[in-house]
Amino acid sequence: MYKGYGLKLSDWFVQSRVLAAYGKSVEQMYSFGLSEYKQVIAESKAGIAGLSPYDSKDNIDGNQIETSWFPKRRCHVFLSHSHKDEALAVSIAGALKYLMGLDVFVDSLVWGFRDDLINQLLNRLHIPDEEKDYRYRQVIAHVDCMLNKSLIEMEDGCECLLFLNTPNSVSTYGIVQRTNSPWIYSELETSRFLRVHMDDRRTKIKLANEAMDSAVTNSRFGTISYAVPNHLLDLSGEAFARWCVSCCREGRKSFDALDKLYSIAR
C-alpha cells in the first residue's frame, strides 16, 4: 500500500456531483460494479462448494480452502467499508472502474460467504454431540484466520486504501472516532504497518510502453468498540469529485488516475 484515505461521501453526492455530469446514476454504477465481480463471486461459490477437504490423514486442508475461497485478484484500490454500506461501496467501485479504469476490491463481496464456509466445514467434520460447541468455535476461529490473512495480503497488494467513513462504520465520542466492527478495525490498523510501496505493475507497464514506444452489531446488547486510527489522509466529497472530474477531462486511467489523487489530496 502506498497511501490511504478516509473518504466521507454520500449517495446524494455521488449521484448529483460526479455521476450525473456523465449521464450516469448510482444504480447504473452499482450494476456495473456488481458485474465486475460476477466471475469472482462465482469462483468463490464454486471453490467452497467443490472442496475436497480431506487429505490422507482425514484432516481438512486449510491452505486449499483458503485458495478456493479467496481467488487471487490484482486491484488498484482496497475499499474498506461497513456491511451496511455495501451498495454504496459497490457503486463507488463501479464508478471508479467506469470513469478511470481502476479495479477496486470490495471485501464484503468475497467474505460474505464466510457463514456458508463455516456451515460446510461443520457438515463435513465428524463431530460428537458433546464436542459441537467447542468445535463450532474452533471452525469459526480457523475461517476468520484464513479470511484475515487473505485480506491482509489483498490490502498489501493494493496501492491505495479508501476507507468509507460513514455513520454506519464509525461513531464519534468527543473527539475520538470508534468502530464496532472488528473487521474495519483490523483493516485500518493493518494499513498502519504495511510496507509503503507502489504497485509493481507500474514498472511492468512502463517497460511495456517503452518497448511499444472495496461484527454485525445488535443494538439490543452491549457492544465492543475500537478507537479508529487517525493515520489516514482526509478525502472530502469535494476533493473526491474534483479528482473524478479532472481524471475524466484529462483522460487519466489506472495508475495515472491514482497519481492525480495523490497530487490533489496530500
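Quick note: the coordinates plus some simple rules give every number you see, no bench work behind them. Keep in mind that this is a model prediction, so the values were computed, not measured. Backbone-built Cβ (ideal geometry, glycine too); neighbour counts: all protein chains shown.
Of note:
- Paramagnetic reach from Gln138 (point 7 Å along Cα→Cβ, amide N under 18 Å) across the stretch 92-127: 118-127
- Scanning residues 5 or more positions from Leu9 or on other chains, those with amide H under 5 Å from its amide H are Asn165, with H placed 1.01 Å from N in the peptide plane.
- Within-13-Å neighbourhood charge of Ala227 [Cβ basis; K, R +1; D, E -1]: +1
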